[in-house]
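Just so it is clear, none of the values below were taken in a lab; they were calculated from the coordinates. Computed from a prediction, not measured in an experiment: that's the story for all the values here. Virtual Cβ from ideal backbone geometry, glycine too; neighbours counted across all protein chains shown.
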Amino acid sequence: QVQLVESGGGLVQPGGSLRLSCTASRMAFSMYSMAWYRQAPGQQRELVAVITSTSRTTYADSVKGRFTITRDNAKNTMYLQMNSLKPEDTAVYYCNAEFRTLVYWGQGTQVTVSS
């Protein structure tokens, strides 16, 4: 079955950086549109960034200019480079893969921005 495994989360001070990775298995990775979502305690899950199968990208206004989403189809991996992190970026970050009616989610990785 398809697996999406996130890594790279952790505790970072405000203004710091982290890079999240999402590695996929048992799927035709290059055909999928990939995305990062996040969910803070008591809040709904929200879209952070999307990268399509043709590498077109879209970002939430709250992360534009600070986060960069990329993908490496040869490694079946998607990345989220997060710079200038703020306390309000604290959340569980989820990897998402979509192709037509197929939708898959990772288990999530915690990102905490705090001094």
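Could you tell me, in Å, what Rg and Dmax come out for the Cα atoms of the range 1-100?
13.1, 39
Considering the dipole of the chain built from charges on the beta carbon (Lys and Arg +1, Asp and Glu -1) around the Cα centre, which of GLN39, VAL12, CYS22 is farthest to its positive end?
CYS22
Take SER17 and LYS86, extend 7 Å from each Cα along the Cα→Cβ direction, and tell me the distance between the two endpoints in nm.
2.0
Taking 0.36 nm per residue of sequence separation and subtracting the Cα-Cα distance, how much length would be gained by fully extending the chain between THR70 and THR112, in nm to one decimal?
Details: separation 42, 0.36 × 42 = 15.12 nm, distance 2.16 nm.
That works out to 13.0 nm of additional length.
Can you tell me, using C-alpha contacts under 8 Å and at least 6 residues apart, the relative contact order of the chain as a whole percent? If you can, show how the numbers build up before the last one.
Values: 276 pairs, mean separation 41.9, N = 115.
Worked out over the chain, it gives 36 percent.
How big is the charge dipole of the chain about its Cα centre, in debye rounded to the nearest 20, if each Lys and Arg gets +1 on its Cβ and each Asp and Glu gets -1 on its Cβ?
Values: 11 positive and 7 negative charges, 45 e Å.
Once rounded to the nearest 20, the dipole reads 220 debye.
Mind checking the full-extension length gain between SER62 and ARG100? Use 0.36 nm per residue of separation minus the Cα-Cα distance, one decimal, nm. Provide the component values of the computation, followed by the final result.
Numbers: separation 38, 0.36 × 38 = 13.68 nm, distance 2.75 nm.
The span from SER62 to ARG100 would gain 10.9 nm if fully extended.
Output ³J(HN,Hα) for the range 41-57: one whole-Hz value per residue in order, computed from phi by the Karplus curve 6.51 cos²θ - 1.76 cosθ + 1.60 with θ = phi - 60°, and x for Gly and Pro.
x, x, 10, 6, 5, 10, 6, 9, 7, 10, 10, 7, 5, 9, 6, 7, 10
Any idea how far apart SER53 and VAL5 come out in nm if each label point goes 7 Å out from Cα toward Cβ?
2.5
What trypsin sites (Lys or Arg not before Pro) does the range 18-47 have in DSSP loop regions with at most 13 other beta carbons within 10 Å? Each step should come with its number before you reach the end.
Details: sites: ARG19, ARG26, ARG38, ARG45; in loops: ARG26, ARG45.
Answer in residue order: ARG26.
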